[in-house]
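Engineer: First the structure, which I've put down as structure tokens, then a few questions once you've had a look.
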Amino acid sequence: MIAAFFISNLVFAQATTSLDGLYQRPCFVADTDALTTEISIEKNQWKIQHIAYEDEKCEKAYLIYEVDYKVKSENNRDLDMTAIEVSYMTLSDEVSQALNMVHYCGFEDWKTKTKKIVTGRVCDEFQAPASGDILYSIFTLNQKADAKWELFLGTASATGDGKTPETRHDQVDSLPFLKLK
């Protein structure tokens, strides 16, 4: 009886816990890029920022890639993430000059610390999401023993690329986002 009460309260607590807040994935290396990632969630508005660094200790940032989403969540698991706006921001004059020289995303007017909207553009063989593109994903939210929250987002797999509701992500990333506030 006590176990059933505890389990039902745990399920209820997870179902009613708001996702709102700021989450961060500390310094990590993906392919050859050193990154940190921040997710700001306010109701159904999600802003995901990937910050790229020159060094593996994530001490000198040079570029920010940001995607703003409108998110619909059902059953405390599924996320339908509709892209609103995609942007880059260079953090040094050297990076701005380099992107101008290669006409990155089709632009040659990059300016340091100025957001450049790239929604729907091809940037060096990478197709940025178009406005209205939907990513069908999943999430889990876990509370650790120290009372801190961890958010795990879906990731593409062989059976779930996230491009349609039928191919919704079916696995979560192994690296969590830690809730800061």
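Engineer: Would you please list the contacts, defined by Cβ atoms under 7 Å and residues six or more apart or on different chains, that run from a residue in the range 143-172 that is over 21 Å from Ile41 (Cβ atoms) to a residue that is open to solvent by 50 Å² or more (accessible area, probe 1.4 Å) and of a type in the set (D, E, K, R)?
Structural biologist: Ser157/Asp170; Thr159/Asp170; Gly160/Asp170; Thr167/Asp161
Engineer: Which residue pairs have Cβ atoms closer than 7 Å, lie 6 or more positions apart in sequence or on different chains, and pair a first residue in the range 105-133 that is within 26 Å of Gly162 (Cα to Cα) with a second residue that is open to solvent by 70 Å² or more (accessible area, probe 1.4 Å) and among the aliphatic types (A, V, I, L, M)?
Structural biologist: Ser131/Ile84
Engineer: Those residues that are more than 30 Å from Lys115 (Cβ to Cβ) and either in contact with a His (Cβ under 9 Å, 6 or more places away or on another chain) or charged (D, E, K, R) (or both), I need them from the range 62-77; list them, please.
Structural biologist: Within the range 62-77, Glu74, Arg77 meet the criteria.
The values are calculated or read from the model by the stated rules, or taken from the named source; none is laboratory data. The model shown is predicted, which means the values in this text are computed figures rather than measured ones. Note that each Cβ is placed from the backbone with ideal geometry, even for glycine, and that neighbours are counted across all protein chains shown. Accessible surface areas use protein heavy atoms only, side chains included; no ligands, DNA or RNA. Shrake-Rupley method; radii C 1.70, N 1.55, O 1.52, S 1.80 Å.
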